[in-house]
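Asker: One structure coming up, written as structure tokens, with questions to follow.
The values are calculated or read from the model by the stated rules, or taken from the named source; none is laboratory data. This structure is a prediction, so every number in the text was calculated from the model and none was measured. Cβ placement follows ideal geometry from the backbone for every residue including glycine, while neighbour counts extend to all protein chains displayed.
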């Protein structure tokens, strides 16, 4: 997976069960925009994201702590599932990912992607 900065150096592939769980969650498909999130989901996403900003700052002023902005919902959900499954190791993040249920992870990923969307990708021609 691209765009995960220094985390790639810490990745470790383990049991097929973790990948299967992530694949099933992703197969359901992330929300595609604000209209796909209910007011309750937006409120829940805002609350969950506020817990993240204890460490992660949108302005990237925290050194050594990866950004959580600019990812698609699918990318963010994949990262959280890797923490939950132990493929990526960081004690605090593993605990957080394990404490959230699948629906909460999806709402958080959708909210972050909606609020801080990924930058448009350049085509091969650079446009």
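For every residue, the table says whether it meets (1) in a loop (DSSP other than H, G, I, E, B); (2) surrounded by 15 or more Cβ atoms within 10 Å (Cβ to Cβ); (3) at pLDDT below 95; (4) in contact with a helix residue (DSSP H, G or I) (Cβ under 9 Å, 6 or more places away or on another chain).
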| site | (1), (2), (3), (4) |
| --- | --- |
| 78 | no, yes, no, yes |
| 82 | no, yes, no, yes |
| 89 | yes, no, yes, yes |
| 93 | no, yes, yes, yes |
| 96 | no, yes, yes, yes |
| 104 | no, yes, no, yes |
| 108 | no, yes, no, yes |
| 111 | no, yes, no, yes |
| 117 | yes, no, yes, no |
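Asker: Quick check, is residue 46 part of a helix (DSSP H, G or I) and either surrounded by fewer than 16 Cβ atoms within 10 Å (Cβ to Cβ) or at pLDDT below 90 (or both)?
Answerer: Numbers: part of a helix (DSSP H, G or I): yes; either surrounded by fewer than 16 Cβ atoms within 10 Å (Cβ to Cβ) or at pLDDT below 90 (or both): yes.
So residue 46 fits the description; yes.
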